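In what follows, a single structure is set out as C-alpha cells and then discussed.
The values are calculated or read from the model by the stated rules, or taken from the named source; none is laboratory data. What you see is a predicted model, and the numbers here were worked out from it, not measured in a lab. When we count neighbours, we look across all protein chains shown, and the Cβ atoms used for this are built from the backbone with ideal geometry, even at glycine.
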Amino acid sequence: MNTKKCPYCSEEILIVAKKCKHCGEWFGNVATEVQKRMMECPFCSEKIEEGLDICPVCKEPFAKEQEKKVPEKKKRTVWKILSIIAIAWIALAIVVNIAKSFSGKYEEKIVGSYSYTKTEDSEDGVFVTINGKCRFGKIFNEYGAYKNSGTMIMTVIDDDGDKSTLKYKLEVNAKYKIKDKYIIYDIKPEDIEITQTYSDDRELSKIMRDHFIPQVKHDMVVENREKILELNDKYLKTEEEYNGETITMTYIRQ
C-alpha cells in the first residue's frame with residue numbers, strides 16, 4: 001500500500017491518511033474542520049474543544065450555551081483592576097503586620113491579645129473591611145510566638161453599577177522579636193494561609209488567586225517590620241510604610 005511521510009513528524013503513514021497516527025496532526029481540509037470545532041475558554045482564554053462542561057486547562061465549569069457563543073467578560077478597565085489589587089494589598093498587609101516600635105523595656109508590655117477592625121475604600125468603587133484577633137506570646141531566647149487570625153471582605157462596584165463580593169480568611173503562625181524601636185517578624189511562606197471562603201465573581205477571583213495572593217505572601221516575608229506610635233494597657237497604635245502608603249492602625253487590647 002502506498003505511503004508518504006508526515007509533514008509534521010516525518011514518520012511513514014498511508015498516503016490516504018487524514019490524520020498522522022504518530023503525532024496526531026490532521027491534514028488539509030480535515031485540519032481546518034477540526035479547528036472550527038475549537039472554542040476559547042471564557043475564563044482562561046485557552047483554545048479548547050467544543051462540547052466540554054469543564055475547561056481542561058483552568059478547570060472552570062461553564063454552561064452548554066457557551067459552546068455556541070462565548071459570553072462577553074465583565075468590563076473592567078486596567079485602572080480598576082489595579083485599584084482593586086492595591087487596596088486589598090494594603091488591607092491584608094494590615095492584617096498580617098501589627099506591631100513594631102519600642103525599646104527593650106516594652107518586651108513584656110506587648111504580650112497579650114488584641115482585636116482590630118478597619119475599612120479601606122477608594123474612589124474607584126473598591127471597599128475592603130478587615131477584622132480579626134492577634135496575639136503576642138512571651139519572649140524566650142530572643143523570640144516570641146506570634147499568631148494572627150483575620151478575615152477580609154472585599155466589595156467591588158464596577159462602571160455599570162454591578163456589585164461583586166469576595167471573602168478571605170487569613171491565618172499566620174510565626175515568630176517575632178523586639179529590636180530597638182521595631183518588632184521584627186520572622187515569617188516564612190509556610191507560616192501563612194490565605195483561603196477564599198466566598199466569591200460571586202469568577203474573573204475577579206482568578207485575578208486575586210493568580211496575582212494578588214502570591215504577591216501578598218511574598219511581601220509578608222519581606223516587609224517584616226512596623227513602627228509603634230503608642231502602647232499602653234488599652235491599645236496599641238502602629239504606623240507602617242507599605243508600597244508607598246502610610247498605614248495607621250489601632251489595636252484594642254483584650
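Quick rundown of the values:
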| read-out | value |
| --- | --- |
| Answer residue from region 170-202, given it is under 23 Å from PRO42 (Cα atoms) and surrounded by 15 or more Cβ atoms within 10 Å (Cβ to Cβ) and is modelled with the highest pLDDT among those | SER199 |
| Single residue of LYS217, LYS167 found to be closer than 21 Å to ASP121 by Cβ and within 14 Å of the chain's Cα centre (by Cα) | LYS167 |
| Criterion violated by GLU107 - all others in (1) at pLDDT below 85; (2) within 30 Å of SER45 (Cα to Cα) satisfied | (2) |
| Filtered residues of region 115-131 (kept if at negative phi and of a type outside the set (Asp, Glu)) | SER115, TYR116, THR117, LYS118, THR119, SER122, VAL126, PHE127, VAL128, THR129, ILE130, ASN131 |
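A quick yes/no check of all residues on (1) of a type in the set (Val, Ile, Thr); (2) under 30 Å from VAL216 (Cβ atoms); (3) out of contact with any helix residue (DSSP H, G or I) (no Cβ under 7 Å at 6 or more places or on another chain); (4) modelled with pLDDT of 75 or more:
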position: ALA17; (1), (2), (3), (4): no, no, yes, yes
position: THR32; (1), (2), (3), (4): yes, no, yes, no
position: PRO42; (1), (2), (3), (4): no, yes, no, no
position: CYS55; (1), (2), (3), (4): no, yes, yes, yes
position: ALA63; (1), (2), (3), (4): no, no, yes, no
position: LYS68; (1), (2), (3), (4): no, no, yes, no
position: LYS75; (1), (2), (3), (4): no, yes, yes, no
position: ILE81; (1), (2), (3), (4): yes, yes, no, no
